[in-house]
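Below: the structure, in structure tokens.
The values are calculated or read from the model by the stated rules, or taken from the named source; none is laboratory data. Keep in mind it's a predicted model, so treat the numbers as computed, not measured. Cβ placement follows ideal geometry from the backbone for every residue including glycine, while neighbour counts extend to all protein chains displayed. Only protein heavy atoms, including side chains, enter the accessible area calculation; ligands, DNA and RNA are left aside. Shrake-Rupley method; radii C 1.70, N 1.55, O 1.52, S 1.80 Å.
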Amino acid sequence: MALIIADRVKETTITEGTGAITLSGATFGGFQSFSSAVGEGNTTYYCIQNESNFEIGIGTFSSDTLSRDTVLQSSNSDSKISLAGTSVIFCVAP
């Protein structure tokens, strides 16, 4: 397992709650998927944006799922945010 820092990685999810995120695989024009940029079993820095809520952390990508291992900062007092509806997940350098 390696820490991967990748540029232009962005996907959406309709996962709800505070658990692991199932990624849609659909990328925005010109962006990479977590699968192709981060790779199976690797960790990365991520940001989740859900409406006006956000979460920045370290997660592990596996089987089209991103775990939320460590939250570094969030709009929820630096805890996991609860997702609802559609969220955008992308790689960041915190």
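Given (1) assigned to a strand (DSSP E or B); (2) out of contact with any helix residue (DSSP H, G or I) (no Cβ under 6 Å at 6 or more places or on another chain), where does ARG68 come up short, assuming only one miss?
Among (1) assigned to a strand (DSSP E or B); (2) out of contact with any helix residue (DSSP H, G or I) (no Cβ under 6 Å at 6 or more places or on another chain), the lone unmet condition for ARG68 is (1).
Identify, by number, the condition in (1) at pLDDT 95 or above; (2) under 12 Å from the mean Cα position of the chain (by Cα) that ALA84 doesn't meet.
The single condition ALA84 does not satisfy is (2).
When only residues in the stretch 61-77 that are in contact with a strand residue (DSSP E or B) (Cβ under 6 Å, 6 or more places away or on another chain) and among the charged types (D, E, K, R) count, which is surrounded by the fewest Cβ atoms within 10 Å (Cβ to Cβ)?
Residue satisfying both the conditions and the ranking: ASP69.
Looking at the stretch 1-33 only, could you name the residues that are over 20 Å from GLY85 (Cα atoms), open to solvent by 50 Å² or more (accessible area, probe 1.4 Å) and not β-branched (Val, Ile, Thr)?
If the condition is that a residue be over 20 Å from GLY85 (Cα atoms), open to solvent by 50 Å² or more (accessible area, probe 1.4 Å) and not β-branched (Val, Ile, Thr), then MET1, LEU3, ASP7, ARG8, GLY29, GLY30, PHE31, GLN32 are the ones that fit.
Output the residue which, of all residues in the stretch 48-60 that are under 12 Å from the mean Cα position of the chain (by Cα) and open to solvent by 60 Å² or more (accessible area, probe 1.4 Å), is farthest from THR86 (Cα to Cα).
Applying the filter and picking the extreme gives PHE54.
When both residues are 6+ apart or on different chains and their Cβ atoms are under 8 Å apart, which pairs have a first residue that lies in the stretch 42-64 and is more than 11 Å from LEU23 (Cβ to Cβ), and a second that is among the acidic types (Asp, Glu) and not in a strand (DSSP E or B)?
Filtered contacts from the stretch 42-64: THR43/ASP69; GLY57/ASP69; ILE58/ASP69; THR60/ASP69.
Looking at TYR45 and the list (1) farther than 16 Å from PRO94 by Cα; (2) open to solvent by less than 60 Å² (accessible area, probe 1.4 Å); (3) aromatic (Phe, Trp, Tyr), which single condition is not satisfied?
(1)
Out of the residues in the stretch 78-93 meeting the condition of being part of a loop (DSSP other than H, G, I, E, B) and touching a residue at least 24 places away in the same chain (Cβ under 8 Å), tell me which one is surrounded by the fewest Cβ atoms within 10 Å (Cβ to Cβ).
So, considering only residues that are part of a loop (DSSP other than H, G, I, E, B) and touching a residue at least 24 places away in the same chain (Cβ under 8 Å), the one surrounded by the fewest Cβ atoms within 10 Å (Cβ to Cβ) is ALA93.
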